[in-house]
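The values are calculated or read from the model by the stated rules, or taken from the named source; none is laboratory data. Because the structure is a prediction, the values reported are computed rather than measured. Cβ placement follows ideal geometry from the backbone for every residue including glycine, while neighbour counts extend to all protein chains displayed. Surface accessibility is based on the protein's heavy atoms, side chains included, excluding ligands, DNA and RNA. Shrake-Rupley method; radii C 1.70, N 1.55, O 1.52, S 1.80 Å.
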Amino acid sequence: MKGRKNRSLPVGVQAVLTVMHWLWRAFQILDAVVVRLLRGVIRTVYLPLAIAVCSVGAYLFADRLAPYLVDLTIGSFLEGVSLSVWERVCRWSLAITFAGVGWIGYKRHQELSKLRSQHEFTFGRYRELFATPGSRITDFLWAYLVATLQVNVPVGLMIFIIFVAPFLITENWLFRFFLVFFLMSGMGTFLNAGAAVLMETFRPRRLEAEVQGAGQIKDELEKQYQQYLAEKETRERANDSELRNNDW
């Protein structure tokens, strides 16, 4: 009806709403305390757990590569190596390699998490207009994917250059020895360069650019946000007016 006045809520309903409000506040405080406690535990166990999971997982499944190595070494001086020996080589070499994946993935994930937290804190006021790209799940997957590539691609190339390329280039064992020695002398530089290229390729450029250029971006966002709030207030006033003037 027109001219209907707002009436206050009954005392019982107000009491229930008040209790629910304080229960919600208590839940938020408890949630914050639990998160802080768990954060300390996670920081303690995360690194060894990441290394252990990657290393043990690689150890358990690496023996499936052995039959392919047996086929690849046919006709070479490694042809006589048995399948069981190749299985042990695959297991332990990949276990050690993926321990490195766990270590680098952990460091990479921590860097991404810190960068995302900075982004969310910096632009939290404008989350209705400006969302942080990606998510914490994609950060986790991205960090360990990059770590896998960063470790295995250079190592795979190193193995090819040292143990395969010399045998494709020449049949002279003395020349092979000097060629392997020459290649190994520059292997550290090669691995560092390969890691640097991969790190540059998979950098979170948007997150970094928005955090570093936060001042300029926030100035523009503030203008858009004030315009958004004004438009939102106008819409709410129109809706309130429609409700007040509704005859039903």
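Listed here are the helices (runs of 4 or more DSSP H) enclosed by segment 70-183 that have at least 2 residues being touching a helix residue (DSSP H, G or I) at 6+ places or on another chain (Cβ under 8 Å) and basic (Lys, Arg): 83-122. Looking at this structure, is ARG125 of a type in the set (Lys, Arg), over 15 Å from GLU208 (Cα atoms) and out of contact with any Asp or Glu (no Cβ under 8 Å at 6 or more places or on another chain)? So ARG125 passes the test.
The residue of segment 230-248 that is farthest from GLU128 (Cα to Cα), among those that are open to solvent by less than 60 Å² (accessible area, probe 1.4 Å) and either of a type in the set (Phe, Trp, Tyr) or at pLDDT below 80 (or both), is ASN246. Scan segment 193-214 for residues that are loosely packed, with under 13 Cβ neighbours inside 10 Å and modelled with pLDDT of 80 or more and the total you get is 6.
When segment 98-134 is limited to residues that are in contact with a Cys (Cβ under 9 Å, 6 or more places away or on another chain) and of a type outside the set (A, V, I, L, M, F, W, C), the one that is surrounded by the fewest Cβ atoms within 10 Å (Cβ to Cβ) turns out to be GLY100.
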